[in-house]
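A.B. asks: Submitted below is the structure of interest, expressed as structure tokens.
The values are calculated or read from the model by the stated rules, or taken from the named source; none is laboratory data. Just so we're clear, the structure is a prediction, and the values are computed from it rather than from any experiment. Heads up, the Cβs are rebuilt from the backbone with ideal geometry, glycines too, and the neighbour counts pull from every protein chain shown.
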């Protein structure tokens, strides 16, 4: 055993092969090692290149050395050909080392793959079980698509052939499983599937174990096809569980009969609901009870292996019980069993018990039973020495939390947070924030909790968390005064976290007036308190505080001179940071020129935020999800102003911050005049490159069309577009007829957006009963749920002649969608009812956030998204002149980042970004390959979600 | 599925590295280093599971490891594997090595790297558990040895 104290050097004497590389003297310098290895590599290279043909033994020797050098972390760029040659040797040992080299060193897109496949083909056909085994191993280990193409038809035949040896069958089953995992589309289902199911009855337990793994994976994707496996699995399991352990000879492991097979069978059963056949169901229940009973028996051995194997089966049985979630009796027994494990002396068992209990907590039958263990779990949080276990305890507390114990659990989590490991603090912060919000009966408690969070772990309180507390305070009148008072008190602390300054600044700016009556928190005191923190804060916080100051000017006219003095100071007006300088200049100006009425309008109290699912929850889900999304996040590009995610003073933005897109339309000036730049093909890139895109014109209600035939207005070919024109831009004229012009300005950020719709009355007569309503349209796939939430307020029902009204639509993308919403407008004009319906250009790509990445990252991710469902490709003819600059502008307008110098072919365009929806984030890669000669494009989209790839490809294809 | 099997010594020197998903060489080395640092700072008697490092797939993957004298055996697995099952599998692998090398030690892994790979291949194939019965595994290895002898070209 490794623990043995035998000096190992003795053995080295018999094996000189690797001696030059690893003489047993430790502590040699890195340089010396590299020098030695380079020398050895040169030697091997010269041997391979030399005139003298190497004998099999030398070839093996050198290949083995190369493997070792690779293990030490050095690149091996030769020897592949020699290894491939070894494959076709007739000597077993040579073949074996050849295969080993290939499965360790050859990656899937090597050019040698054809030669390798050839050798494999010969070995599979050799009928020599040893050679077949080697070949199957190699396929499974490399598992590339090319190999799947070559062998996905052959391997199933080997698997079910009557004369195949057990060991080969075992390898064939796993080999097929590997191919199915990498390329499910290439593995043909057929009559072999029913024969595979019957392998569950095979004599050889190794074959059964391998087959169970295979069937489990296949059944997850094709449950119907493998339904018969349920009863077979139950009877097999029953035979194992009830047998005396001696029946299974070698497959008994430390007195536990066939533990691995039992685990696999229990996993397979988790692909299905509880069996319908009462006999099968009874038998399964009996098995599960027996397993639970055995857990109570005294151990047959003191060895840890015995208890591990026994408990592996037990935990899997509990998983199945939780999965079925139908037998209250079993659920409660499972819960009690896990409760015992919570106090077991084995750390591994405590860990697994906490983990399993998390899922048990969500079952209605056992939720209450789980809750009884709260003290044990809290104790675990305090006393466990292992951070992995403490993390599970946090998870379980989160899962078992409900209204009855929320206060206790939040308090415990908060106190744990003070000493928690740095690696899990952010997650705990999110969990506390969510629980506090979800189970808040008393919003004062909620505000206290969040402020405590900031106090204890301010660095780990993300934007989402403090945005959320502000949203809630703004939406709930009853807590505003308390919040103002509490932040005011919290800010008294000599050193407080910057996040607290942000929350405090924002809340006092909005609701400081509620506590201003108390002389201890008079306006000037509030201002001085905030301003005392100002100089220690970062630029964004200072920017926020400047906004607070201008709000103070509005709320408390008496502090106006003081604030003007501050704004006038050189450190503001001449600040090196352009944002701060601009705010100071604009706010100062606003405070001097605007009358109190205008000031009050501009700085009106924030309207309530639309109710939506907490962004914190989304963040937590994201954190727990695949990490690829998270690191894409970091490289987000700054884009436009903060729309409605953050508590920036949005109402003031029109006057105080420059709009990123100046009013293109001049709608504000003269709505009656025919506006919008004339269509010119060589003109502005984003303005009018799609001038003739009538393809996806919006369906107009017949009423308006009949009254105002389009032909009458030949000067405005862009009438009623609303389709693909807006895919790559956010502003423009959406619709125009003789009566009405509709203009749009929109901003999107992550999964949220805000669209300003301007309705201009082109006539000199009033519109009456003017009611525009945006409605999401449901595709067939969304009968039950909405993909898009639109929120808006009704506009003034009367629109004077020549006037313009504005409507704001808040948009939230819940999940990816294809159908754009529709804007229905009804109004009365000169005695007749008018009806207009226009498609609103809210398309999936609006929720793109661009991502910059290096060439290497790009192609690595590109390769990771290689499943056929993830890729959508379209080859199409160019509808517009193929101009590089215009194409680039379109890709950027589409929302993705345009990655320069990533594609080896400079003529190609590649882009990357993330589609944000409330429920998920989808990383997207795109590549556009123009072919000038043929006037064609090939567009390839790869995302982790099929529907997203599909939709983005459709949208972008229309643009060229 | 088993994503990777890493064996390294107490100083982080890799002694057996097997990936069942393709990573570029430098990433492989980084994963070994990252994993080493993750397990190194853990006491011997705390739990044998931890969440995977950032390189190998984050929280969807678990590292399941055992520490024997001078060597760490780490299996990186996804959620389709039973934690305790894998823990026992490591034990089976080590016990098998012990049988085949008669009291195995770290140097055996260096000087008989090919053999170690062959033994591992009998236990895990393409990231999936192939055989768990030690006698069966040893029988396969012995059959290989006989073949080798009959060809008269044993390597070492």
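A.B. asks: Evaluate segment B:96-109: report whether one residue or more is closer than 29 Å to residue A:263 by Cβ, part of a helix (DSSP H, G or I) and within 7 Å of chain A (Cβ to nearest Cβ). Even if it seems obvious, please write down each step before you answer.
C.D. replies: The initial filter retains those residues of segment B:96-109 that are closer than 29 Å to residue A:263 by Cβ, namely B:96-101, B:104, B:109.
Subsequent filtering for residues that are part of a helix (DSSP H, G or I) retains B:96-101, B:109.
Now drop any that are not within 7 Å of chain A (Cβ to nearest Cβ), which leaves B:98.
Yes, because at least one residue in segment B:96-109 is closer than 29 Å to residue A:263 by Cβ, part of a helix (DSSP H, G or I) and within 7 Å of chain A (Cβ to nearest Cβ).
A.B. asks: Would you pick out the residues in segment B:144-156 that are within 8 Å of chain A (Cβ to nearest Cβ) and at pLDDT 80 or above? Give the steps one after another, and end with the answer.
C.D. replies: Filtering segment B:144-156 down to residues within 8 Å of chain A (Cβ to nearest Cβ) leaves B:144, B:147-148, B:151, B:153-156.
Selection gives B:144, B:147, B:148.
A.B. asks: Taking residue A:898, is it farther than 25 Å from residue B:56 by Cβ, out of contact with any strand residue (DSSP E or B) (no Cβ under 6 Å at 6 or more places or on another chain) and crowded, with 18+ Cβ neighbours inside 10 Å? Working first, answer last.
C.D. replies: Details: farther than 25 Å from residue B:56 by Cβ: yes; out of contact with any strand residue (DSSP E or B) (no Cβ under 6 Å at 6 or more places or on another chain): no; crowded, with 18+ Cβ neighbours inside 10 Å: yes.
No, not satisfied.
A.B. asks: Right, another one. Please give the number of the condition residue A:907 fails out of (1) in contact (Cβ under 8 Å) with a residue 12 or more places away in the chain; (2) within 28 Å of residue A:180 (Cβ to Cβ).
C.D. replies: The number of the failed condition is (2).
A.B. asks: Hey, does segment A:823-835 have a residue that's within 35 Å of the chain's Cα centre (by Cα), away from chain B (no Cβ under 14 Å) and not in a loop (DSSP other than H, G, I, E, B)?
C.D. replies: Of the residues in segment A:823-835, the ones within 35 Å of the chain's Cα centre (by Cα) are A:823-824.
Subset that is away from chain B (no Cβ under 14 Å): A:823-824.
From what's left, not in a loop (DSSP other than H, G, I, E, B): A:823-824.
Yes.
A.B. asks: Additional query: Among the residues of segment A:340-394, how many are over 20 Å from residue A:424 (Cβ atoms), within 14 Å of chain B (Cβ to nearest Cβ) and not in a helix (DSSP H, G or I)?
C.D. replies: 3
A.B. asks: Report the residue count in segment A:845-865 for those that are out of contact with any strand residue (DSSP E or B) (no Cβ under 8 Å at 6 or more places or on another chain) and in a loop (DSSP other than H, G, I, E, B).
C.D. replies: Total satisfying the criteria: 1.
A.B. asks: Given the options A:214, A:199, A:266, A:261, name the one that is farther than 22 Å from residue B:87 by Cα and modelled with pLDDT of 90 or more. I'd like the intermediate steps shown before the answer.
C.D. replies: On the way: A:214 fails: farther than 22 Å from residue B:87 by Cα; A:266 fails: farther than 22 Å from residue B:87 by Cα; A:261 fails: farther than 22 Å from residue B:87 by Cα.
Criteria check complete, one pass: A:199.
A.B. asks: While we're on this one: So, in segment A:64-101, how many residues would count as being over 23 Å from residue B:14 (Cα atoms), within 11 Å of chain B (Cβ to nearest Cβ) and not in a loop (DSSP other than H, G, I, E, B)?
C.D. replies: Within segment A:64-101, residues that are over 23 Å from residue B:14 (Cα atoms), within 11 Å of chain B (Cβ to nearest Cβ) and not in a loop (DSSP other than H, G, I, E, B) number 4.
A.B. asks: Starting from segment A:47-63, keep only residues that are within 11 Å of another protein chain (Cβ to nearest Cβ), then list their pairs with residues that are modelled with pLDDT of 75 or more and in a loop (DSSP other than H, G, I, E, B) whose Cβ atoms are within a distance under 7 Å, requiring at least 6 positions of separation or different chains.
C.D. replies: Here the result reads A:56/A:89; A:56/A:91; A:63/A:79, each pair linking segment A:47-63 to a residue that is modelled with pLDDT of 75 or more and in a loop (DSSP other than H, G, I, E, B).
A.B. asks: Can you tell me which residue among A:420, A:433 is part of a helix (DSSP H, G or I) and more than 14 Å from chain B (Cβ to nearest Cβ)?
C.D. replies: None of the other options fit; the residue is A:433.
A.B. asks: Separate question: Inside segment B:44-78, can you point out the residues that are modelled with pLDDT of 85 or more, in a loop (DSSP other than H, G, I, E, B) and at negative phi?
C.D. replies: Keep residues of segment B:44-78 that are modelled with pLDDT of 85 or more, which gives B:47-50, B:61-78.
When the remaining residues are screened for being in a loop (DSSP other than H, G, I, E, B), the result is B:47-48, B:61, B:69-70, B:78.
Passing the criteria: B:47, B:48, B:61, B:70, B:78.
A.B. asks: From the list A:924, A:953, pick out the single residue that is part of a strand (DSSP E or B) and farther than 18 Å from residue A:886 by Cβ.
C.D. replies: A:924
A.B. asks: Out of all the residues in segment A:351-397, which are closer than 21 Å to residue A:417 by Cα and touching a residue at least 40 places away in the same chain (Cβ under 8 Å)?
C.D. replies: A:351, A:354, A:355, A:358, A:389, A:392, A:395, A:396
A.B. asks: Give me a count of the residues in segment B:125-153 that are under 17 Å from the mean Cα position of the chain (by Cα) and either within 15 Å of residue A:134 (Cβ to Cβ) or outside any strand (DSSP E or B) (or both).
C.D. replies: Filtering segment B:125-153 down to residues under 17 Å from the mean Cα position of the chain (by Cα) leaves B:125-134, B:137-138, B:141.
From what is left, the residues that are either within 15 Å of residue A:134 (Cβ to Cβ) or outside any strand (DSSP E or B) (or both) are B:125-127, B:130-134, B:137-138, B:141.
Adding up the residues that qualify gives 11.
A.B. asks: Hey, another quick one. Considering only segment A:306-330, how many residues are touching a residue at least 12 places away in the same chain (Cβ under 8 Å) and out of contact with any helix residue (DSSP H, G or I) (no Cβ under 6 Å at 6 or more places or on another chain)?
C.D. replies: So the answer is 10.
A.B. asks: For segment B:76-86, state whether one or more residues are buried (at least 19 other Cβ atoms within 10 Å of the Cβ), more than 10 Å from every other protein chain (Cβ to nearest Cβ) and touching a helix residue (DSSP H, G or I) at 6+ places or on another chain (Cβ under 9 Å).
C.D. replies: Residues of segment B:76-86 buried (at least 19 other Cβ atoms within 10 Å of the Cβ): B:76-77, B:81-86.
With more than 10 Å from every other protein chain (Cβ to nearest Cβ) added as a condition, the list becomes B:76-77.
Imposing the further condition that a residue be touching a helix residue (DSSP H, G or I) at 6+ places or on another chain (Cβ under 9 Å) reduces the set to B:76-77.
The answer is yes, given that some residue of segment B:76-86 is buried (at least 19 other Cβ atoms within 10 Å of the Cβ), more than 10 Å from every other protein chain (Cβ to nearest Cβ) and touching a helix residue (DSSP H, G or I) at 6+ places or on another chain (Cβ under 9 Å).
A.B. asks: Does residue A:44 meet the test of being surrounded by 14 or more Cβ atoms within 10 Å (Cβ to Cβ) and in a helix (DSSP H, G or I)?
C.D. replies: yes
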